[in-house]
Each structure stands twice: as structure tokens, then as C-alpha cells.
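Peer 1: A single structure is presented below for examination.
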Amino acid sequence: MIIQVPSLDELSALRAIERAAGEPFRGLGMAAIADDEPPSPALLTEFQRAGRALAAYEEAGPGGGRRPVGYLLWEPVDDCTHIEQVSVHPDQAHRGIGRSLINRAELDGGRVALTLTTFTEVPWNAPYYARIGFRVLPEAELTPGLRAIRAHEAALGLDRWPRVAMRREAGWGGVCGEV
């Protein structure tokens, strides 16, 4: 697998990944999440130009062609690397792509703690992140930036389903040599 900042002409493929990754939410009674519009081309371009968009690619096949199969957006929040979004195409699930994207974001973000917000009762959300070293942050440990993110999510209606903020300390899982 190759992980790198995607080119501008690959950003539409990231939107397609997001749409596909949203579909499994329908089976959990979360059609609003499945129907949510992917990040806009302008927002993806902003992350890409800042070097804070990562895409995972299949190894190049015959003829050298490859396509993105997952992506991640990150930003600095309160001296941490905050995972804004991570999505993997469902036909590529259970191959370690999400974990590899998260580990690469840790490297690119300066090997500081990682944070994210997520749904607690979605198997590929909070339970998955707990398996790869994240812990739920109690309300008292939320930083000002995470409080602002959670307030924004609540304003968008995401709190219709239980959500939490999570944190993973730098270096969990020995990411130093992994890219």
C-alpha cells in the first residue's frame, strides 16, 4: 500500500470513497449519515494544499495504474493531530488501511497525540479506534478545540446518535518506521 498526499485531480475519487463508506450506516438506522454530502472539492483542495490530506492507494497494477482506496484529513488542534475524517472504501475494509492512514497522520503531524470524534455505537467507529489505542476522553479532559468541534457537531445534528472524543498518545503501536 502507498500512502501520500493525493494530487488535485484525485480529489473527486476521495468524494466517491466517502459516499461508498457512508452506505453501511443505512443498516444501522443512520440514513442521514449515509446521505450526508462528502467534503466539498474546495475543502478537500484546502486540506490537500496544506499537506493534510492523505490517500491510500493499491499497489500499482499492470500498466502502472492505481486508485485511491481510502483517505484521511487531519488538522492541528490544541497541540494534537486531530483526525477530521478517515474513510476507506467498503470493498477494501479489514485490510489495515484506516490504521495505516492514522499512523501516517501521526508521523506527518509531528508525532504528537492524536484526537478524533466519533460515534460510540458504530462498530467501525469508537470500538475500532479503541482497538488501535484510542481512549474515550471524559468531559473534563476535553480541550477548548475539542469542545468547539463537539459543539459544531451538535449544531449539525450529529448528536442524534451517541458521540465521543477520543485520544491516542504519540508513539502507540510503534509508528516510527511505518509509512
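The values are calculated or read from the model by the stated rules, or taken from the named source; none is laboratory data. Every value quoted in this text rests on a predicted model; they were computed, and no experiment measured them. Cβ coordinates were reconstructed from backbone atoms using ideal geometry, including for glycine residues, and neighbour counts include every protein chain displayed. Side chains included, ligands, DNA and RNA excluded: accessible areas come from the protein's heavy atoms. Shrake-Rupley method; radii C 1.70, N 1.55, O 1.52, S 1.80 Å.
Peer 1: Tell me the carbon and sulfur percent of the accessible area for the chain, rounded to whole percent, probe radius 1.4 Å.
Peer 2: After summing per-atom areas, the C and S share lands at 53 percent.
Peer 1: Next question. For region 69-124, take N as its residue count and report Rg(C-alpha) divided by 2.2 N^0.38 Å.
Peer 2: Numbers: Rg = 11.5 Å, N = 56, 2.2 N^0.38 = 10.2 Å.
Normalised by 2.2 N^0.38 Å, the Cα Rg of region 69-124 equals 1.14.
Peer 1: On the Cα set of region 1-87, report Rg and Dmax in Å, please.
Peer 2: 13.9, 44
Peer 1: Follow-up question, since we're still on this one. If you take the C-alpha gyration tensor of the chain, multiply each eigenvalue by 5 and take the square root, what semi-axes do you get, largest first, in whole Å?
Peer 2: 24, 20, 16
Peer 1: On to the next question. Restricting to Cα pairs below 8 Å that are 6+ residues apart, what does the relative contact order work out to for region 47-134? Please round to a whole percent.
Peer 2: Value for region 47-134: 22 percent.
Peer 1: Identify, among Ala16, Thr120, Pro76, the residue whose Cα sits farthest towards the positive end of the charge dipole of the chain, taking +1 on the Cβ of Lys and Arg and -1 on the Cβ of Asp and Glu, with the dipole about the Cα centre.
Peer 2: The one lying farthest along the dipole's positive direction is Thr120.
Peer 1: Taking a probe of 1.4 angstrom, what is the accessible area of Trp124 in Å², to the nearest 10?
Peer 2: Probe radius 1.4 Å; accessible area of Trp124 about 100 Å².
Peer 1: Could you work out how far the C-alpha centroid of region 1-29 sits from that of region 82-98, in angstrom?
Peer 2: That distance is 8 Å.
Peer 1: If you don't mind, there's one more thing I want to ask. Averaged per residue, what accessible area in Å² does the chain show with a 1.4 Å probe, protein chains only?
Peer 2: Result: 49 Å² per residue.
Peer 1: Taking R0 as 30 Å, what FRET efficiency do you get between Leu156 and Asp79 from their Cβ-Cβ distance, rounded to the nearest 0.05?
Peer 2: Working: r = 25 Å, r/R0 = 0.84.
So the FRET efficiency works out to roughly 0.75.
Peer 1: Okay, helix-only estimate at 222 nm for the chain: each DSSP H run of n ≥ 4 adds -39500 (n - 2.57), divide by all residues, round to 500 deg cm²/dmol; what do you get?
Peer 2: After summing the helix terms and dividing by the residues of the chain, the value is -9000 deg cm²/dmol.
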